[in-house]
Amino acid sequence: FFVLLLYLLFITVLCDSTSNTDHEGREGCGCHDLSRKDIEIPKIENNVLADETITAGIEVDGQQQQQQQTFDSKKKNKKSSNTKLSKFIYLEGGFFTMGTDTPSLPQDGEGPARKVFLDPFYVEETEVSNEQFARFVEETNFITETEKFEWSFVFEFQLDSKTSSEIDVAVAGVEWWLPVTGAYWKLPEGPNGNNVLEDGRADHPVVQVTWNDAVAYCKWRGGRLLTEAEWEFAARGGKENLSYPWGEKLFPGKHRCNTWQGKFPHSNTEKDSYKWTSPVKEYGPQNDYGLYGMIGNVWEWVSDYWTTDFENFPQKNPQGPSLGLERTKKGGSYLCHKSYCYRYRIEARTPTTPDSSSSNVGFRCAKDVE
């Protein structure tokens, strides 16, 4: 009886431990729960940022086309700035293993492992920076969806106390995400925050951009967003079965990426030198392809609609589902920590509605090989 009692006690503790670990790793920073349709924000009177209203929570192809026509028609009316745009790196493509058979967060659709063949493509060596996005806006007069919505999601501890105290609505369950009126790519913490082009963040990744904003920028560059398969291929750098672009250890003697250090969400020790975003070329190339920042810093939009239903048979140039309500993001961000959001791994992934924008989501572009 005594042995049986000890066995039952051991099983109970083991189950509780497994459950808690899974819950903490799965819960994350909550950015996958950010949806405009769940938040009501009063319109700004005489708003100078927006010239029209967009219906929240809906991605409409016609709307995207109309916005594209708006900035395309003005493209030649602007003189180019001197900001250097990031270069594209040619990747040969071929077969690789996508996903994993040993997922840390199986509910996210990290598996199964499957063989995928990709045609050659080009990928930007870095995430798009604030100064690069500013050049796009300058040359095209582009107005982001975030500006038209007139508000965006900001991590509470990035806000000044006055702004935070004046907001009386938050995202249920992840109350550290607050809807801030007037937050957009140039003022990602809102009107009381700093201009990223003037406070030393010009070379940090642009944030507060929706999926549609990212698509528009990439089209201006003559490209598109990466597919999820292309993103994983690029991150792996020609190697198989690694958690990180550089190997299996997150910290191989030095910091290779920008993630949360400390206890989320209240304490960031900044051991990697940054509390929030970092420059797009910080920490050096992460793999043998010469790509920067595939893991950490900010999440990256990819083109695929979200799904967790994958088969383990070989595929060629997978594009993801043809329809869906959410888009996929890859790479994790500065808000990720293993104890709370273990998603800064190559196979990790998360969904977000395409009209959402926040202070930890950016993107990079790809190009087809002609």
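The values are calculated or read from the model by the stated rules, or taken from the named source; none is laboratory data. All values derive from a computational prediction rather than experimental measurement. Neighbour counts are summed over all protein chains in view; Cβ atoms, including those assigned to glycine, are modelled from backbone coordinates with ideal geometry. The protein model used for the area step is the full one, side chains on, heavy atoms only, and it has no ligands, DNA or RNA in it. Shrake-Rupley method; radii C 1.70, N 1.55, O 1.52, S 1.80 Å.
Couple of notes before you dig in:
- Residue among Lys329, Lys271, Lys316 that is among the basic types (Lys, Arg) and farther than 30 Å from Gly93 by Cβ: Lys271
- Test for Asp304: is it open to solvent by 30 Å² or more (accessible area, probe 1.4 Å) and farther than 24 Å from Lys148 by Cβ: no
- Pro106 vs. criteria over 15 Å from Glu230 (Cα atoms), within 20 Å of the chain's Cα centre (by Cα) and at pLDDT 95 or above: yes
- Only a single criterion out of (1) in contact with a His (Cβ under 6 Å, 6 or more places away or on another chain); (2) within 29 Å of Lys87 (Cα to Cα) is not satisfied by Phe264, namely (2).
- The set of residues from the range 349-370 being over 23 Å from Val171 (Cα atoms) and in contact with a strand residue (DSSP E or B) (Cβ under 9 Å, 6 or more places away or on another chain) comprises Phe363, Arg364, Cys365, Ala366, Lys367, Asp368, Val369.
- Of everything listed in (1) more than 21 Å from Gly293 (Cβ to Cβ); (2) touching a strand residue (DSSP E or B) at 6+ places or on another chain (Cβ under 9 Å), the single unmet condition for Lys162 is (2).
- Near pairs, Cβ below 6 angstrom, 6+ apart or cross-chain, from the range 323-336 (within 17 Å of Thr210 (Cβ to Cβ) and in contact (Cβ under 8 Å) with a residue 12 or more places away in the chain) to any residue that is part of a loop (DSSP other than H, G, I, E, B) and of a type in the set (D, E, K, R): Thr328/Arg349; Lys330/Arg349
- Remark: pairs (first residue in the range 174-186, in contact (Cβ under 8 Å) with a residue 12 or more places away in the chain and over 15 Å from Glu145 (Cβ atoms); second residue among the small types (Gly, Ala, Ser) and open to solvent by 10 Å² or more (accessible area, probe 1.4 Å); Cβ separation under 8 Å; 6+ apart in sequence or on different chains) = Trp176/Ala170; Trp177/Ala170; Leu178/Ser164; Leu178/Ala170.
- From Gly190, Gly223, residue being on the phi > 0 side of the Ramachandran plot and in contact with a strand residue (DSSP E or B) (Cβ under 9 Å, 6 or more places away or on another chain): Gly190
- Leu225 among the hydrophobic types (A, V, I, L, M, F, W, C), under 27 Å from Ser86 (Cβ atoms) and without any contact (Cβ under 8 Å) to a residue 12 or more places away in the chain: no
- Applying a threshold of 7 Å to beta carbon distances and a minimum spacing of six or more residues, or different chains, the list of pairs starting in the range 272-291 at a residue that is within 18 Å of Leu85 (Cβ to Cβ) and ending at one that is open to solvent by less than 20 Å² (accessible area, probe 1.4 Å) and outside any loop (DSSP other than H, G, I, E, B) reads Val280/Ser129; Val280/Pro205; Leu291/Val123; Leu291/Ala234.
- Selection from the range 271-294 of residues that are open to solvent by 50 Å² or more (accessible area, probe 1.4 Å), over 18 Å from the mean Cα position of the chain (by Cα) and of a type in the set (D, E, K, R): Lys271, Asp288
- Boolean, Glu145 is of a type in the set (Asp, Glu) and open to solvent by less than 30 Å² (accessible area, probe 1.4 Å): yes
- Residues located in the range 72-93, provided they are among the charged types (D, E, K, R) and either crowded, with 16+ Cβ neighbours inside 10 Å or modelled with pLDDT under 95 (or both): Asp72, Lys74, Lys75, Lys76, Lys78, Lys79, Lys84
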